[in-house]
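The next block holds one structure in the form of structure tokens; read it before the comments.
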Amino acid sequence: MQNPFNVSPLQQLHDKLFEEKVVEVFIKRDDLIHEHVQGNKWRKLKYNLYEARLNKQNTLLTFGGPYSNHIYATAAAAKLFHFKAIGIIRGEESQIKSDTLQFAASQGMELYYMDREMYRQKDSPENIESLRVQIGDFYYIPEGGTNVNALEGVEEIIEELNMPFDYVCTACGTAGTLAGLVAGLRGAKNAIGFSSLKGEDTLTQKVNELVKAYTGVEFSNFSIYFDYHFGGYAKTKPELIEFILDFKQKFNIQLEPVYTGKMFYGLFDLIQKDYFPKGSRMVALHTGGLQGLSGFKQLQIESN
Ligand SMILES: *Cc1c(COP(=O)(O)O)cnc(C)c1O
């Protein structure tokens with residue numbers, strides 16, 4: 001089969017702020033890898049699909065919410081690579097399916113619903129086992145696609161950056177992507193994560209565990225910022241929406257408010273506050289996720 005994926009371009013962003021602060025900012029456009037199977041969700045899926053093939057598993061099973069970028073990407077990837085896919089969706093089945101779930105179903109993903117209480121224990125061994133009894137055998141991919149196999153795909157981003165840089169930045173949900181970047185850096189330079197979730201820091205430990213499981217060692221050359229969640233997961237504020245609209249106008253690049261908008265807002269804020277030494281070169285990851293825009297009315301016009 002012909003490789004359906006593009007190498008994601010690396011583009012420099014030009015802005016007065018960067019000139020004034022004497023920094024350079026590049027964006028790695030993982031949103032352009034493929035129409036449907038893209039962003040960090042493809043990076044994390046890639047070696048999970050290899051692993052599934054290797055283990056002769058033809059069925060993928062994973063979890064996600066009704067707007068999940070991971071459900072969307074898994075459904076499309078399963079179709080592309082001829083796997084059967086099962087999506088276990090958080091919450092009750094609603095009368096009107098989200099665009100994400102409609103798309104997933106159109107790709108042939110079988111959807112089941114799990115109430116919120118059970119969903120909290122979705123990856124307990126008992127629950128996975130009971131799913132195996134009900135559904136048959138499958139290759140299990142955790143919510144968000146984050147596991148040790150995910151790091152191998154994310155680390156390829158670092159290999160693709162064939163130019164000198166000082167910092168690589170990503171949005172963080174489960175922190176699987178940040179862990180992959182840290183693994184890829186192997187202790188050199190710095191990785192920065194911007195958490196989209198509110199709450200105490202459980203992500204640092206998560207990164208350490210994943211990186212250790214994958215590389216055998218821990219690295220401390222990363223930091224995570226928790227000040228840019230705008231109220232929590234999938235919450236927005238007018239200034240975030242404003243920022244995303246401005247960004248689109250200035251750079252002709254679409255962001256979304258759950259992840260990439262918050263990361264760039266945070267990055268611009270840190271630059272403004274002189275966090276980075278003069279002469280620093282940053283690479284920020286566009287992790288995709290634009291399929292989810294249809295859930296945000298204020299930005300819908302921009303979503304095509
Ligand atoms: C899922 C997602 C993230 C978060 O990635 P993690 O590996 O879970 O931290 C960031 N950006 C986008 C667009 C996503 O869909």
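Could you work out how far helix 39-54 tilts from the main Cα principal axis of the chain, as a 0 to 90 degree angle to the nearest 10? For 39-54 against the chain, the angle is about 40 degrees.
Could you work out the local net charge near K46, counting Lys and Arg as +1, Asp and Glu as -1, over the other residues with Cβ closer than 15 Å to its Cβ? Value of the local net charge: -3. Over all other residues within a Cβ to Cβ distance under 12 Å of G153, the charged ones net out to -3, with Lys and Arg as +1 and Asp and Glu as -1. Of the GluC sites (Glu not before Pro) in the stretch 1-71, the ones in a loop by DSSP (not H, G, I, E or B) with at most 12 other beta carbons within 10 Å are E35. Taking amide H as placed 1.01 Å from N in the peptide plane, the amide H of F26 sits under 5 Å from that of L13, M282, V283, A284, each at least 5 places away or on another chain. For C172, the residues whose modelled amide H falls within less than 5 Å of its own, excluding neighbours fewer than 5 places apart on the same chain, are F194, S195, S196. Annotation note: GluC sites (Glu not before Pro) in the stretch 71-176 located in DSSP loop regions with a Cβ neighbour count of at most 15 within 10 Å are E92, E93. Taking every DSSP beta bridge that has both ends in the chain, the antiparallel portion is near 10%.
Could you tell me the calculated FRET efficiency between E19 and R53, based on Cβ-Cβ distance and R0 = 51 angstrom, to the nearest 0.05? So, using R0 = 51 Å, E works out to roughly 0.60. Residues in the chain average 47 Å² of solvent-accessible surface per residue, probe 1.4 Å, ligands and nucleic acids excluded. Dipole orientation for the chain: of the candidates C169, V258, Y50, Y50 has the Cα lying most toward the positive pole (charges on Cβ; Lys, Arg +1; Asp, Glu -1).
Residues whose amide H falls under 5 Å from that of G65, counting only those 5 or more places apart or on a different chain, are R90, with hydrogens built in the peptide plane. Taking the C-alpha atoms only, the angle from helix 238-251 to the longest principal axis of the chain is near 70 degrees. Between I128 and E35, full extension at 0.36 nm per residue minus the direct alpha carbon distance yields a gain of 30.4 nm. Strictly over 25 Å apart at the Cα level, which of K44/K84; K189/K262; K97/K297; K41/K273; K44/K189; K46/K248 would you flag in this model? From the list (K44/K84; K189/K262; K97/K297; K41/K273; K44/K189; K46/K248), the Cα-Cα distance tops 25 Å for K41/K273; K46/K248.
Solvent-accessible area of the chain (1.4 angstrom probe, protein heavy atoms only): carbon and sulfur portion equals 48 percent. Computed from backbone phi, the HN-Hα couplings of the stretch 97-108 come to 6, 4, 4, 4, 6, 4, 5, 4, 5, 5, 7, x Hz, rounded to whole numbers (Karplus: 6.51 cos²θ - 1.76 cosθ + 1.60, θ = phi - 60°; Gly and Pro given as x).
Kindly provide log₁₀ I(q)/I(0) values, in the same order as q = 0.07, 0.14 Å⁻¹, from the Debye equation applied to equal alpha-carbon scatterers of the chain. With one equal scatterer per Cα and no solvent, log10 I(q)/I(0) is -0.26, -1.08.
The loop-placed GluC sites (Glu not before Pro) in the stretch 185-257, going by DSSP, that have at most 15 neighbouring Cβ atoms within 10 Å of their Cβ come out as E200, E218. Think of each Lys and Arg Cβ as +1 and each Asp and Glu Cβ as -1; about the Cα centre, that makes the dipole of the chain roughly 240 debye. Its residue count N fixes a reference of 2.2 N^0.38 Å for the stretch 40-145, and the Cα radius of gyration divided by that reference is 0.99.
FRET efficiency for S106 and K278, Cβ-Cβ distance as r, R0 = 41 Å, nearest 0.05? Approximately 0.25, to the nearest 0.05. The stretch between A213 and I135 holds 25.1 nm of extra length on full extension. This uses 0.36 nm per residue minus the Cα-Cα distance. The helix-only estimate of mean residue ellipticity at 222 nm for the chain, built from DSSP H runs of length n ≥ 4 each weighted as -39500 (n - 2.57), is -12000 deg cm²/dmol after division by the residue total. For H82, the accessible area of its heavy atoms, probed at 1.4 Å with every protein chain present, is near 140 square angstrom.
The values are calculated or read from the model by the stated rules, or taken from the named source; none is laboratory data. The structure presented is a predicted model; accordingly, all values stated were derived computationally and were not measured. Cβ sites come from the backbone with ideal geometry, for glycine too, and all protein chains shown count toward neighbours. With ligands, DNA and RNA removed, areas are computed over all heavy atoms of the protein, side chains included. Shrake-Rupley method; radii C 1.70, N 1.55, O 1.52, S 1.80 Å.
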